[in-house]
Amino acid sequence: MTVTSHRRAAPPRKGPAGQRERGRGRRRGRRTRLALTVLLALLVLVASGATWLYLRLNGNISTFDAGGLSDDRPRAGTSKGENVLVIGSDARTDGNAALGGGNKDDIGRSDTTFLLHIYADHRHALAVSIPRDTLVTIPSCKLPDGTWTREQTDTMFNAAYSLGQTAEGNPACTQNTVEQLTGLRVDHTVVVDFKGFARLTEVVGGVKVCLPQDVYENDLDPHRTTPGRLLFKKGEQTVAGQRALDYVRIRHGIGDGSDIGRIKRQQAFVASLLKEVKSRGLTVTKLLPLADAATSSLTVDPGLGSADKLISFAMSLKDIDLHNTKFVTLPWRYEGSRVAIVQPDADALFAALRADRTIDGRNAGAKARRSPSAAPSSASSPSPAPVSGAGIDVTVYNGTTVTGLAARAAAALTADGFTVIGTATASAQDHTTTLIEYGPGFASQAHTVARAFPGAGIEPVTRSGISVVLGRSYADSPGAGPSPAPAAVPSEVADGARSADDDPCSDLSYG
């Protein structure tokens with residue numbers, strides 16, 4: 001293990017610039033102190049004979065190829081805080097078949113996915129579950145042979161992880177898909193399989209759960225012709241290992257039997273798991289056994305690919321309060337047997353996260369960043385994330401009766417690097433919200449355009465190219481920029497939120 005030396009910083013300059021430098025210095029100082037704390041604790045562990053545990057932990061960690069990440073990513077700094085993508089893999093390889101059933105040679109599949117937004121104050125967090133059957137656009141992704149796929153529209157979300165048909169799955173493709181869907185840059189991605197999940201629940205001594213009814217084997221496997229043995233009794237209980245895995249995988253025996261209902265149960269389980277981890281105390285000595293249990297079945301991005309990086313990241317979360325850790329589900333509706341995203345609620349949710357707004361509308365970070373396309377607004381109105389429109393052609397239509405609206409939007413888009421190839425009046429002037437229309441092959445670029453207009457809808461059309469049809473929401477926004485980001489998570493989403501400190505027996509219908 002090596003320690004990198006740092007040159008002594010020059011004294012901060014006076015005035016506003018100096019104040020900014022001092023602010024950056026304080027942040028660097030906190031990060032340095034955290035890194036030193038972790039390093040010293042690890043050295044103490046090594047000196048006390050725990051070298052084997054640290055070395056094993058380093059050897060346990062697997063990383064995926066970052067070369068599969070898209071070049072067309074949201075820019076770093078487009079949102080405050082950090083975003084962590086957590087993927088639950090139900091691959092049956094490497095001993096997982098014994099826990100989850102299925103073919104041992106099966107390909108990697110994602111069973112559960114959520115995006116965790118850690119707010120800039122490191123005291124709040126919001127996890128957004130993405131249903132696996134959600135119809136999304138999967139952007140171009142890298143295959144094992146080094147080639148890249150074509151964009152796929154109206155495809156189930158969990159297909160991104162299976163792209164390439166490999167046993168280990170394709171976490172980079174899932175990350176590309178989430179970044180395009182949300183407009184948020186994913187800072188870290190973590191994949192956990194059955195074994196890692198089961199071992200983690202055993203190390204913490206079990207997790208409290210609650211069942212609304214007795215659950216039998218055929219609730220886990222609906223193909224059984226008889227109920228089978230009793231798996232769980234009604235009421236509160238503690239589960240670990242295989243029983244914990246069975247609990248989060250039950251789908252057909254509780255509530256309406258849907259995947260949405262299972263997501264609610266999984267959110268309740270993760271909330272209880274966080275309680276157990278927090279109760280042990282987030283220190284290096286307590287985290288090492290937890291990390292050892294998880295990392296043998298953990299795949300992470302290269303940014304978390306060592307013991308000290310992983311533990312430093314975990315310790316940075318120690319001040320997040322359980323009550324301020326919330327769980328929500330991506331706004332959805334059924335579309336046949338699949339799940340469709342509800343707009344503009346989903347865009348409003350992700351715009352609020354980019355602005356670092358908590359579920360109650362508060363700003364959890366410093367002042368929101370201003371986009372070149374954002375007009376001056378009141379201090380309480382966060383601005384849209386910066387958007388780069390380089391190489392994207394757009395036609396702008398005025399869908400309202402407000403004179404000059406298309407020209408105003410065209411100027412703002414041009415300032416952000418888009419090429420506006422024309423402006424006109426829409427066939428109808430009664431649009432309430434802005435709509436982004438795109439032709440075949442333009443879905444990815446259309447999502448980039450949509451990030452410049454938080455709350456806008458996105459719709460495929462048969463004609464070629466991309467059109468922006470401005471709505472009244474844009475006309476009512478101040479100045480010459482796109483509609484400002486909402487001040488809060490949409491109430492329809494916030495009302496269904498779960499806190500990590502909620503009673504495990506609350507909301508037992510699970511869908």
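The table for this structure:
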| read-out | value |
| --- | --- |
| Odd one out for GLY261, checked against (1) out of contact with any Gly (no Cβ under 6 Å at 6 or more places or on another chain); (2) under 16 Å from ASP507 (Cβ atoms) | (1) |
| Residue in segment 330-339 that is in contact with a helix residue (DSSP H, G or I) (Cβ under 9 Å, 6 or more places away or on another chain), touching a residue at least 40 places away in the same chain (Cβ under 8 Å), of a type in the set (Gly, Ala, Ser) and not in a helix (DSSP H, G or I) present | no |
| Filter result for VAL248 (assigned to a helix (DSSP H, G or I), under 22 Å from ALA291 (Cα atoms), in contact (Cβ under 8 Å) with a residue 12 or more places away in the chain and open to solvent by less than 50 Å² (accessible area, probe 1.4 Å)) | yes |
| Pairs, first within 20 Å of GLY196 (Cα to Cα) and open to solvent by less than 30 Å² (accessible area, probe 1.4 Å) in segment 56-70, second small (Gly, Ala, Ser) and assigned to a helix (DSSP H, G or I), C-beta under 9 Å, six or more apart | LEU57/ALA291; LEU57/ALA307; ILE61/ALA291; ILE61/ALA307; PHE64/ALA172 |
| Qualifying residue in segment 471-489 (condition: within 25 Å of LEU135 (Cβ to Cβ) and at pLDDT 90 or above) | yes |
| Criterion violated by THR414 - all others in (1) without any contact (Cβ under 8 Å) to a residue 12 or more places away in the chain; (2) within 21 Å of ALA346 (Cβ to Cβ) satisfied | (2) |
| Residue count, segment 311-329 (criterion: part of a helix (DSSP H, G or I) and among the β-branched types (Val, Ile, Thr)) | 1 |
| Leading residue by the ranking (modelled with the highest pLDDT) among those in segment 165-197 that are among the aliphatic types (A, V, I, L, M), crowded, with 22+ Cβ neighbours inside 10 Å and over 11 Å from the mean Cα position of the chain (by Cα) | ALA172 |
| Residues being within 30 Å of ASN324 (Cβ to Cβ) and of a type in the set (Phe, Trp, Tyr) - total across segment 112-154 | 2 |
| Which listed residue, of ALA450, ALA411, ALA446, is outside any loop (DSSP other than H, G, I, E, B), small (Gly, Ala, Ser) and open to solvent by 20 Å² or more (accessible area, probe 1.4 Å) | ALA411 |
| Which listed residue is open to solvent by 10 Å² or more (accessible area, probe 1.4 Å), assigned to a loop (DSSP other than H, G, I, E, B) and of a type in the set (Val, Ile, Thr), from THR226, THR238, THR285 | THR226 |
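The values are calculated or read from the model by the stated rules, or taken from the named source; none is laboratory data. Not measured: the values here are computed from a predicted model. Cβ: placed from backbone, ideal geometry, glycine included. Neighbour counts: every protein chain shown. Heads up: the accessible areas ignore ligands, DNA and RNA and are worked out on the full protein's heavy atoms, side chains in. Shrake-Rupley method; radii C 1.70, N 1.55, O 1.52, S 1.80 Å.
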